[in-house]
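Structure first, commentary second.
The values are calculated or read from the model by the stated rules, or taken from the named source; none is laboratory data. Just so it is clear, the model here is predicted, and its values are computed rather than measured. Methodologically, a virtual Cβ is constructed for each residue, glycine included, from the backbone with ideal geometry; neighbour enumeration extends over all protein chains shown.
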Amino acid sequence: MKLRLPIALLTGWMAASAAPPPAPRPGIIQARTYHFAAAKKDLPFSLYVPKKFDRQKMYPLVVALHGLFSSHAQIIRYPGLVTQAEKHNWHRRRPTGL
């Protein structure tokens, strides 16, 4: 499945916020937040957009869910994941769950 940015995960955050989220910065692991209305909390997630990102194209979306003693910030830095994202032009999101 291919999605255009901003993705659905950001949609709830955008609706609850007065300002839109910052534009993705290709080639950089970014720390972001989204508003989880059911929990009444802003939750962090990590975002990586490939260096060759083109806003006019569609890309595969990879969502990785971390385990109990890990975090969004750790899993996005697992060896080889950013390299694979660049190689295959994946957008990667690492949400924090409750």
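Laid out as a table, the results:
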quantity	calculated
Number of positions in segment 49-58 that are over 15 Å from Pro21 (Cβ atoms) and in contact with a helix residue (DSSP H, G or I) (Cβ under 9 Å, 6 or more places away or on another chain)	3
Leu9 being in a loop (DSSP other than H, G, I, E, B) and at pLDDT below 85	no
Residue within segment 59-81 that is touching a Phe, Trp or Tyr at 6+ places or on another chain (Cβ under 7 Å), modelled with pLDDT under 85, surrounded by 14 or more Cβ atoms within 10 Å (Cβ to Cβ) and in a loop (DSSP other than H, G, I, E, B) present	yes
Test result for Arg25, exposed (fewer than 15 other Cβ atoms within 10 Å of the Cβ) and charged (D, E, K, R)	yes
Residues located in segment 35-52, provided they are buried (at least 16 other Cβ atoms within 10 Å of the Cβ) and more than 14 Å from the chain's Cα centre (by Cα)	Phe36
Selection count, segment 28-58, where residues are in contact with a Phe, Trp or Tyr (Cβ under 8 Å, 6 or more places away or on another chain) and assigned to a loop (DSSP other than H, G, I, E, B)	4
